[in-house]
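Coordinate-derived values only; no laboratory data. Please read all numbers here as calculations on a predicted model, not as lab measurements. For neighbour counting, all protein chains shown are included, and Cβ atoms are generated from backbone atoms with ideal geometry for every residue, glycine included.
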Amino acid sequence: MKDRVKDVQFAISRALRAPYRRVTPCKGHQGETFWLKRVERFAPHLWLVKGKPENAFARDRWAHRFLWNHGVPVPRILSESKDYIAVEDAGPSLNRLCKDGSVAMTQRLRACRAAGQALARLHAGDLAHGRPAFRDMCWDGRQIRFIDFEYFLPKRAGRLRKMRDISIAVLSALFQGTDGPRYAFCVLSAYYAAQDTAPGIVRVQRSMQNSLRVTR
């Protein structure tokens with residue numbers, strides 16, 4: 001475990017020394033793939049629209065931990081600080097998957113159905129993602145995991161916020177090209193089919209100590 005922690009931290013240090021990228025794919029010497037996300041950099045005048053980037057990053061990082069502790073499928077945090085967060089690879093985003101011609105259509109549709117079911121389960125727990133576009137849902141061949149939580153609110157989600165979630169997911173599906181309507185139908189039909197049967201999100205003991213957290 002200690003070797004794994006050192007391996008991950010070494011890869012992070014190497015990425016932090018490289019030219020700035022907001023999101024960087026990393027790979028340790030032991031072959032572990034993960035993603036490093038840093039505080040966004042933009043011109044000060046955009047603060048009026050987006051707020052201070054440090055505050056937005058802190059909200060995203062806090063929301064990730066909150067959702068993890070409530071049993072929501074999100075990537076495990078491997079390491080974090082006030083300036084970055086490193087999370088395990090959760091597979092390609094639906095945005096990337098659905099545009100990859102080498103992936104069989106059956107697999108793409110399976111991932112879209114899983115996305116609809118994952119949203120239904122999230123909503124059954126009275127939570128909403130805030131912006132579940134296809135780029136914010138990842139598929140590893142087994143499950144959907146959510147990422148990017150700048151728009152997440154840690155309070156009970158009413159009907160309006162839930163409908164906003166599903167509307168964003170469907171619109172994102174429609175923007176995937178000529179097969180967009182098929183993806184949108186899969187998401188929507190799976191969502192409504194799972195609505196009455198999806199178990200609610202239950203707070204579970206998923207301590208971040210199980211991750212390779214190194215806070216500084």
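Summing Cβ point charges (Lys, Arg +1; Asp, Glu -1) relative to the Cα centre of the chain gives a dipole of roughly 420 debye. Seen against the Cα atoms of the chain and their longest principal axis, helix 53-69 is set at about 70 degrees. Evaluating 6.51 cos²θ - 1.76 cosθ + 1.60 at θ = phi - 60° for every residue in the stretch 169-177, the Karplus couplings come out as 4, 5, 4, 5, 4, 5, 8, 8, x Hz, glycine and proline recorded as x.
Calculate how steeply helix 2-17 sits against the longest principal axis of the alpha-carbon atoms of the chain, using the helix alpha-carbon long axis, and give the answer as 0 to 90 degrees to the nearest 10. With both axes taken from Cα atoms, the answer is about 90 degrees. Helix 105-124 sits at what angle to the longest principal axis of the chain, using alpha carbons and giving 0 to 90 degrees rounded to 10? Computed tilt is about 90 degrees.
Under the convention that each Lys and Arg Cβ holds +1 and each Asp and Glu Cβ holds -1, the size of the dipole of the stretch 94-195 around its Cα centre is about 220 debye. Counted over the stretch 2-88 with a bin width of 5 Å, the fraction of Cα pairs per bin, in whole percents, is 3, 14, 23, 21, 18, 13, 6, 2, 1. Listed options for P(r) over Cα pairs in 10 Å bins from 0, in percent are [x] 8, 31, 35, 22, 3; [y] 8, 31, 29, 18, 10, 4, 1, 0; [z] 8, 33, 35, 18, 5, 0. The value calculated from this structure is the one marked [x].
Close amide-amide hydrogen proximity is noted between L127 and A157, each under 5 Å apart and 5 or more residues distant or on a separate chain (H modeled in the peptide plane; Pro and chain starts excluded). Sequentially through the stretch 144-149, phi angles give Karplus couplings (6.51, -1.76, 1.60; θ = phi - 60°) of 8, 10, 8, 9, 6, 10 Hz, Gly and Pro residues having no value and appearing as x. Per-residue ellipticity at 222 nm for the chain, helices alone: DSSP H runs ≥ 4 residues times -39500 (n - 2.57), over residue total, nearest 500 deg cm²/dmol? Helix-only estimate at 222 nm: -14000 deg cm²/dmol.
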